[in-house]
Amino acid sequence: MYPNDNFYAILQRMQQSIEQQNNRIKMLEDMIDELRDNYNELSKSPKTNIEKIEYKFDQLKIERLDGTLNIGLTPNGGADVLDDFTVNGGNGMNPSNVPPEAIQSIQQNVQSYMQNGALQKLGELEKTYQYPLDDPYRHFILNDIQKQLDQRINYYVNQQATRSPDGNIEKLVEEVSAKIKRDISNGMEAFLKNLPGRTDLK
């Protein structure tokens, strides 16, 4: 009698233990199924792919990062002329009467400003217009401007050389450098004032 009772008690405990193990296994299987479903869902979802970025200042439009950039850097501090800049396009030959050393001096002046002054100026404009940008956006803007500097330099060198073919080279370097820096500053300011969605400054 007693041994049989003990045997049944052991069987009952074993049955309970088996049921607990089965429940655990079922729970783990459910978790695995859920993880598999989540993985499949994530793998099927489209990857983030930025195909088109648009932002405007004056007539700025970027179709692709390697596409055409019409930047609102207006000569003469806001004259009616608006020059189109093409990324990776147009070489703008230097006039033959301007020595290469003059072009190099202008390039050095402008590069020094881009490395030391432009980012600081952009930060000041962000504060003025109360529109802070993050670092990647700042560098994106400056990189786009950087790609266009040689063509802008050639534009102004041609302009100055045409107006004063026998002019002072040092004066040409100084004036062209100043105009480029002014255009960079004006362009960044126009960009911040005309960001998409801004209505407070329009």
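This ranking places 193, 44 by how few other beta-carbon atoms lie within 10 Å of each, fewest first, which gives 44, 193. Highest-first packing order for the peptide set 147-159, 112-124, 25-37 is 147-159, 112-124, 25-37, based on the mean count of other beta carbon atoms within 10 Å.
Among 191, 7, 140, rank each residue by its count of other Cβ atoms within 10 Å, from fewest to most, as a rough exposure measure.
Values: 191 25, 7 10, 140 16.
Starting with the residue having the fewest Cβ neighbours, the order is 7, 140, 191.
The residue 25 and residue 195 beta-carbon pair, evaluated with R₀ = 45 Å, returns a calculated FRET efficiency of approximately 0.20.
Read-outs throughout are calculated quantities, based only on the coordinates presented, and are distinct from any laboratory measurement. Just so you know, these numbers come straight off a predicted model, no measurement behind them. FYI the Cβ positions are ideal-geometry reconstructions off the backbone, even for glycines, and counts take in every protein chain you see.
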